[in-house]
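What follows is one structure encoded as structure tokens, with my remarks underneath.
What follows is calculated from the coordinates using simple rules that are stated; it is not laboratory data. Model, not experiment: these values are computed from the prediction. As a convention, Cβ positions derive from the backbone with ideal geometry for all residues, glycine included, and neighbour counts pool all protein chains shown.
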Amino acid sequence: MLKTVLLVEDSPSIESLDNLKQSCRTLYRCRSDEEILPLISVSDAAVLLTPLEKMTDWQSTISGMKRLPILWLCQEDQYPGEMDWGYSLDGLLFPTMTPSEMLFALKWAIRSHHQRKRWFEEREQLLQRLEERKWIDQAKAVLCEIKGISEAEAYDFLRKQAMNERKRVGDIAASIVKVYQLIHG
């Protein structure tokens with residue numbers, strides 16, 4: 001069972017939310033940003049009970065406060081046939097689901113959210129390493145030109161300088177390139 005679910009209601013309430021209530025220990029019901037703000041820090045997931053047109057607004061509002069799994073509790077007649085809506089939800093819930101189906105959908109959404117978060121962090125690390133690699137290659141070219149040394153010797157120089165200054169090789173490389181551009185730019 002999930003601990004806390006935040007239900008954002010921006011449409012006429014569904015007759016019965018008993019199945020959703022049974023899927024978590026605590027269900028907080030909110031209708032505005034002001035009501036969400038104090039509760040979002042203790043929530044495990046957010047469920048949006050909103051019309052499709054307001055989905056992106058609520059999603060960006062909640063994501064701006066805290067990154068957590070977001071699901072849409074929709075009526076079957078509101079469900080769009082096309083799945084690419086231009087934003088990503090972690091899951092869908094329907095009022096006709098049983099408590100165990102809702103719990104499973106909530107847990108699956110949390111799992112998907114964490115997996116996507118890991119992929120995003122891994123992507124950011126790879127982009128950072130790629131950027132660092134660019135600085136290192138540029139610094140090696142600068143050192144080869146100025147000192148008249150080979151690329152291997154330039155890299156060794158960068159490594160030794162990084163160890164001496166207790167900094168990362170990429171930071172040393174960026175400094176060298178920036179100073180070179182300042183002087184020769």
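Remarks
- Modelled label positions at K21 and D57, each set 7 Å beyond Cα in the direction of Cβ, lie 2.8 nm from each other.
- Neighbourhood charge, 14 Å Cβ-Cβ cut-off, centred on K3 and excluding it, Lys, Arg +1 and Asp, Glu -1: +2
- Evaluated with a Cβ-only charge set (Lys, Arg +1; Asp, Glu -1), the stretch 123-184 carries a dipole of roughly 180 debye about its Cα centre, given to the nearest 20.
- Selected from S43, S60, S23 as most flexible by GNM, with the chain as the system and alpha-carbon contacts under 10 Å: S60
- When the chain is treated as a Gaussian network with alpha carbon springs shorter than 10 Å, the biggest mean-square fluctuation among K147, K21, K54 belongs to K147.
- For a straight C-alpha distance cut-off of 17 angstrom, the aspartates and glutamates reachable from K107 (same-chain residues fewer than eight places away being disregarded) are D44, D90.
- Within the straight-line cut-off of under 17 Å between alpha carbons, the lysines reachable from K160 are K140, K147, sequence neighbours fewer than 8 places apart in one chain being disregarded.
- Helical content alone sets the calculated 222 nm signal of the chain at -18000 deg cm²/dmol, taking -39,500 (n - 2.57) per DSSP H segment of four or more residues and averaging over every residue.
- For the stretch 159-185, the residues whose backbone nitrogen is under 15 Å from a point 7 Å from the Cα of I146, taken along Cα to Cβ, are 159-162, 171-185.
- If you look at the Cα atoms of the stretch 52-185, you get an Rg and a Dmax of 25.0, 74 Å.
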